[in-house]
1. Go through (1) part of a strand (DSSP E or B); (2) modelled with pLDDT under 95 one by one and return the number of the condition residue 145 breaks.
2. State whether one or more residues within the stretch 95-110 are under 25 Å from residue 14 (Cβ atoms), in contact with a Ser or Thr (Cβ under 7 Å, 6 or more places away or on another chain) and among the hydrophobic types (A, V, I, L, M, F, W, C).
3. Just need a number here: residues in the stretch 21-45 that are in contact (Cβ under 8 Å) with a residue 24 or more places away in the chain, of a type in the set (Val, Ile, Thr) and not in a loop (DSSP other than H, G, I, E, B).
4. Report the residue count in the stretch 89-116 for those that are closer than 16 Å to residue 140 by Cβ and of a type in the set (S, T, N, Q).
5. When the residues of the stretch 1-17 are narrowed to those that are touching a helix residue (DSSP H, G or I) at 6+ places or on another chain (Cβ under 9 Å) and at pLDDT 85 or above, which ends up farthest from residue 76 (Cα to Cα)?
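The values are calculated or read from the model by the stated rules, or taken from the named source; none is laboratory data. Owing to the predicted nature of the structure, the values given are computational and were not obtained by experimental measurement. Ideal geometry is used to build each Cβ from the backbone, glycine not excepted, and the neighbour counts take in all protein chains shown.
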Amino acid sequence: MSSTARLGIRHQLDAEQLVWTLLHNDYPSLMFPHVSIQSEIGINTSALSSTGEVVVYSVGSPWQTGRVKAWMWQFPLTLSVFGPDADTTFDLASDLYEKVVGWEFKPATAFGSVGEVDAKGFHRVAGSKEMGGKTVKSYVGEFQLTAADPFSR
């Protein structure tokens, strides 16, 4: 039997692109028209978060949940929310929490679909040195996502 005939041998889920697509479908929004989505803290993150809100996402390595359902993947997701004041930043973090846990009810994207979300929620963290001492408030949330790859259709 050829090894390519095994269901477990398939292209890896592009979890980062899946998250990027879902975040950009949700933001900017009417409630948060000035949100910037970034995959890493960059040179402009501090400046952007001094006047508006920034969401920085970090996606961990996806792994298959098993051979029977080889198209299903799990991966960790960390979301950091930065903003100029604690109230607005917390409001965005709360809205983002609601959006992420609702991803399992969204239609599939070209990069897959979210089937389940386990969330720990957001907590406030001290200012990071990347913010250069500016008065930027930040919240961090951790999630575990189960997603189907786009090849499962």
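1. All conditions are met except number (2).
2. No, the stretch 95-110 contains no residue that is under 25 Å from residue 14 (Cβ atoms), in contact with a Ser or Thr (Cβ under 7 Å, 6 or more places away or on another chain) and among the hydrophobic types (A, V, I, L, M, F, W, C).
3. 3
4. Summing the residues that are closer than 16 Å to residue 140 by Cβ and of a type in the set (S, T, N, Q) in the stretch 89-116 gives 2.
5. Step one: filter the stretch 1-17 for residues touching a helix residue (DSSP H, G or I) at 6+ places or on another chain (Cβ under 9 Å), giving 9-11, 13-14.
Keeping just the survivors that are at pLDDT 85 or above gives 11, 13-14.
Details: 11: 19, 13: 13, 14: 13 Å.
Among them, the one singled out is 11.
This table checks each residue for (1) within 21 Å of residue 29 (Cα to Cα); (2) surrounded by fewer than 16 Cβ atoms within 10 Å (Cβ to Cβ); (3) in contact (Cβ under 8 Å) with a residue 12 or more places away in the chain; (4) of a type in the set (D, E, K, R).
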residue	(1), (2), (3), (4)
69	no, yes, no, yes
82	yes, no, yes, no
95	yes, no, yes, yes
121	yes, yes, yes, no
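Residues are listed down the side, and each one gets a yes or a no for (1) touching a Ser or Thr at 6+ places or on another chain (Cβ under 6 Å); (2) small (Gly, Ala, Ser); (3) surrounded by fewer than 21 Cβ atoms within 10 Å (Cβ to Cβ):
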{"position": "38", "(1), (2), (3)": "no, no, yes"}
{"position": "54", "(1), (2), (3)": "yes, no, no"}
{"position": "72", "(1), (2), (3)": "yes, no, yes"}
{"position": "86", "(1), (2), (3)": "no, yes, yes"}
